[in-house]
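Visitor: Can you keep this structure in mind? I'll have questions shortly.
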Amino acid sequence: MAYNKPIPVPQGESDVYWQKAKEHELWLRKCNACDNAYFYPRDISPCCFSKDTDWIRASGKASLFTYGIVQRAPHPGFVDDVPFVTAIVELEEGPKMATNIVIDNPTFDNLQIGMDLEVVFEDITDELALPKFKPV
Amino acid sequence: MTDLRKTVAIVGVDESDEIGKVPDKSNLTHHAEAAYNALEDAGMSIKDVNGLFTAGTSTLNLAEYLGIEPSFTDTTAVGGSSFIIHIAHAMAAINAGYCDVALVTHGEAGRSRRSRPGGDDADPGSQFETPYGFLGAPINYAMAARRYMHQYGEEYARQGMAEVAVATRKWAQLNPKAYMKDDMSFDDYHNSRWISEPFHLFDCCLVTDAGGAYVITSAERAKDAKKKPVWVLGAAESHDHNLISQMPDLTRTVAKNTGPAALERSGVTHDDIDLSMIYDSFTYTVLATLESLGFCGPGEAPDFVADQRTAPGGDFAMNTSGGGLSYTHSGMYGMFLVLEAVRQLRGECGDRQLDDPKLCLINGTGGSLSSTGTTVLAID
Ligand SMILES: [Zn+2]
């Protein structure tokens, strides 16, 4: 069946992020003024409002910061997925990002806040892959 | 800061003609009916209005529909808190002389026209949240509630959420305009179906069709109004994120700044407040807001609301209309906090009327716990 969830539309500031994701790599922007990585990608850093920034490859390691278990699909594309897990994860490099946790039969018992996660990629179109996370 | 206490007053409030499930009325119809009714309540004419405020549609659209040519226009739209923030903006505009009779309207056929507001593809949320199913308030707010449970205890937080749901329903049973008036026991709450765990159905606000409006004017013009003026003592506003994944602390809203600021500008303290109107998009929103406002400390709200303290007869009057949880919630509910506050201060609330309240604190929350507006209203 065709993929019918909302699809990201890469922008100039995020082209690198999505190109790297297609290669199944997670890349972040880093602010050189304070040496912190940040998310989501922006040309000017939100921490220092600095234009002195780089792209860095993230380790792909993260911990579970919070989550919900969605029982009622918010969009037709998610009907076959319920229950599914929406989550905010804290990357090893510091930033937090929204994602899904890939897990069968999610419950409050098998999803513990603070648990270790690693990035996995779902190829959703010929051009795009979506970074998600699974328990280590 | 200039002392603006009692320089402006709310002199008219009302809903649109019918609220709840109203299949044949558009957003603008709700705006216009509410405007008509609120002006009648104020004893003023549409010709008196020279300041226009709304959110959810442009004032261009609204002013054309109403047939007015305002000298001050404000479409500040930061979610359901917007209509509380409009009080502060009207206060500033009236004191600066840009207008002297401001009309603030809301209308949303939230139930009958279920189309989701579409985001701009170029916005960060369209790339970094919606592809994962972060769509709609129950999913976004669940992130915050789950984190709160982790920090302070799941059962403890759950009991606080249940207390709010059950107490708010009891108020709704005293409001003829409330949408949900069936009895709700604690068991009913705990047994209601999951929407987005940790939220049960009864943790979530309603989705109704409704409009509301209020008229706010200078102290001078307030003398001409039909009813006693409800004074604005002080107000404050802020926001600290848009996307829930970017919220600095999922358990603290910017009410931590706007609450103390509004109280200080008003020259009153928490203990002086007779009624608190707290945006209850979710039961959890109430817990986080009471803590952020400083009515209690971080993690203390479940104890604060225990034993049905916020229900009729309890010693902390809150959301006496029945709230967004049980009275009405069209989408951007903040408007209705103002209507109830004004009516309670005027003594117009029938079976749910408090005993001679003098001071009401209103706190609206908008977006994904993103923005807040706090204001304190008083009656002489
Ligand atoms: Zn920096």
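Visitor: Can you work out the accessible area per residue across the stretch B:207-296, with the rest of the protein chains kept in place, probe 1.4 Å, in square angstrom?
Guide: 32
Visitor: Moving to a separate point now. Return the average number of partner chain Cβ atoms within 10 angstrom of each residue Cβ along peptide B:185-198.
Guide: 3
Visitor: Toward the positive end of the charge dipole of the stretch B:212-348, about the Cα centre and with charges on Cβ (Lys, Arg +1; Asp, Glu -1), which of B:250, B:308, B:267 goes farthest?
Guide: B:267
Visitor: Here's a follow-up. Cα axis of helix B:137-152 to longest principal axis of chain B: angle in degrees, 0 to 90, nearest 10?
Guide: Relative to chain B, helix B:137-152 is tipped by roughly 60 degrees.
Visitor: Right, next: What are the extents of the Cα atoms of chain A along their three principal axes, in Å, largest first?
Guide: 43, 33, 23
Visitor: When chain B is modelled as a GNM with alpha-carbon springs shorter than 10 Å, which of B:351, B:48, B:123 fluctuates the most?
Guide: Ranking B:351, B:48, B:123 by mean-square fluctuation puts B:123 first.
Visitor: Related question: Whenever you get a sec, line up B:200, B:270 from highest to lowest accessible area (probe 1.4 Å, protein heavy atoms).
Guide: Ranking B:200, B:270 by accessible area, largest first, yields B:270, B:200.
Visitor: Quick one: which of B:6/B:177; B:6/B:227; B:6/B:226; A:5/A:61; B:6/B:358; B:181/B:256 span more than 24 angstrom between C-alpha atoms?
Guide: Long pairs (Cα-Cα over 24 Å): B:6/B:177; A:5/A:61; B:181/B:256.
Visitor: For the pair B and A, how large is the buried accessible area, both sides, in square angstrom to the nearest 100, if the probe is 1.4 Å?
Guide: Buried surface at the B/A interface: approximately 3100 Å².
Visitor: Kindly provide the GluC sites (Glu not before Pro) of the stretch B:261-319 that DSSP labels as loop, not H, G, I, E or B, and whose Cβ sees at most 15 other Cβ atoms within 10 Å.
Guide: Answer in residue order: B:300.
Visitor: List the pair-distance distribution P(r) of chain B, using every Cα-Cα distance, as the percent of pairs falling in each 20 Å bin from 0 up to the bin containing the longest distance, rounded to whole percents.
Guide: In whole percents, the pair-distance histogram is 32, 61, 8.
Visitor: A further question on this structure: Shielding by partners for B:138-150, please: the mean number of other protein chain Cβ atoms within 10 Å of each residue's Cβ.
Guide: Mean inter-chain Cβ contacts per residue within 10 Å come to 5.
Visitor: Here's a follow-up. Treating only the Cβ of Lys, Arg, Asp and Glu as charged (+1, +1, -1, -1), what charge dipole size does the stretch A:12-135 show about its Cα centre? Round to the nearest 20 debye.
Guide: Approximately 320 debye in magnitude.
Visitor: Label the protein assembly as shown by shape, choosing from rounded, prolate and oblate, from the square roots a ≥ b ≥ c of the eigenvalues of the Cα gyration tensor; if a/c is under 1.5 it is rounded, and otherwise prolate applies when a/b is larger than b/c, oblate when it is not.
Guide: prolate
Visitor: Run the helix sum for chain B: -39,500 (n - 2.57) per DSSP H stretch of 4+ residues, divided by residue count, reported at 222 nm to the nearest 500 deg cm²/dmol.
Guide: -10000 deg cm²/dmol
Visitor: With all protein chains present and a 1.4 Å probe, how do A:119, A:79, A:9 order by accessible area, largest first?
Guide: A:79, A:9, A:119
Visitor: With every protein chain left in place, what is the accessible area of residue B:148 in Å² (1.4 Å probe, nearest 10)?
Guide: 0
Visitor: Helix-derived [θ] at 222 nm for chain A: sum -39500 (n - 2.57) over DSSP H runs of at least 4, divide by residue count, nearest 500?
Guide: Value at 222 nm, helices only, nearest 500: -1500 deg cm²/dmol.
Visitor: Could I ask something else about it? Accessible area per residue for the stretch A:12-135 in Å², computed with a 1.4 Å probe and the full protein assembly in place, what is it?
Guide: Heavy-atom accessible area per residue stands at 46 Å².
Visitor: Leaving ligands, DNA and RNA out of it, report the carbon-plus-sulfur percent of the accessible area of chain A at a 1.4 Å probe.
Guide: 46
Visitor: A follow-up question, please. Identify, among B:26, B:58, B:9, the residue whose Cα sits farthest towards the positive end of the charge dipole of the stretch B:1-69, taking +1 on the Cβ of Lys and Arg and -1 on the Cβ of Asp and Glu, with the dipole about the Cα centre.
Guide: B:9
Visitor: Using a 1.4 angstrom probe on protein heavy atoms only, which residues from the stretch A:1-26 are buried by at least 20 Å² of accessible area when all chains are present rather than their own chain alone?
Guide: Residues of the stretch A:1-26 that lose at least 20 Å² of accessible area once the other chains are added: A:6, A:8, A:9, A:11, A:18.
Visitor: Of the accessible area of the stretch B:158-232, with the probe set at 1.4 angstrom, what percent is carbon plus sulfur?
Guide: 53
Visitor: While we're looking at this one, here's another question. Give me D for the stretch B:227-380 in µm² s⁻¹, whole number, from Stokes-Einstein with Rh from the Kirkwood sum over alpha-carbon pairs, 20 °C and 1.002 mPa s.
Guide: Taking Rh from Cα pairs, D becomes 139 µm²/s.
Visitor: Follow-up question, since we're still on this one. Put one equal scatterer on each alpha carbon of the stretch B:96-241, apply the Debye formula with no solvent term, and list log10 I(q)/I(0) at q = 0.12, 0.18, 0.21 1/Å to two decimals.
Guide: -0.83, -1.23, -1.31
Visitor: Follow-up question, since we're still on this one. Between B:18, B:155, B:108, where does the largest GNM mean-square fluctuation fall for chain B, given springs only between Cα atoms within less than 10 Å?
Guide: Most flexible of the set in this elastic network: B:155.
The values are calculated or read from the model by the stated rules, or taken from the named source; none is laboratory data. Model, not experiment: these values are computed from the prediction. Glycine also receives a Cβ, built like all others from the backbone with ideal geometry; neighbour counts cover every protein chain displayed. For the accessible areas, the whole protein counts, side chains as well, though only heavy atoms, and no ligand, DNA or RNA atoms are used. Shrake-Rupley method; radii C 1.70, N 1.55, O 1.52, S 1.80 Å.
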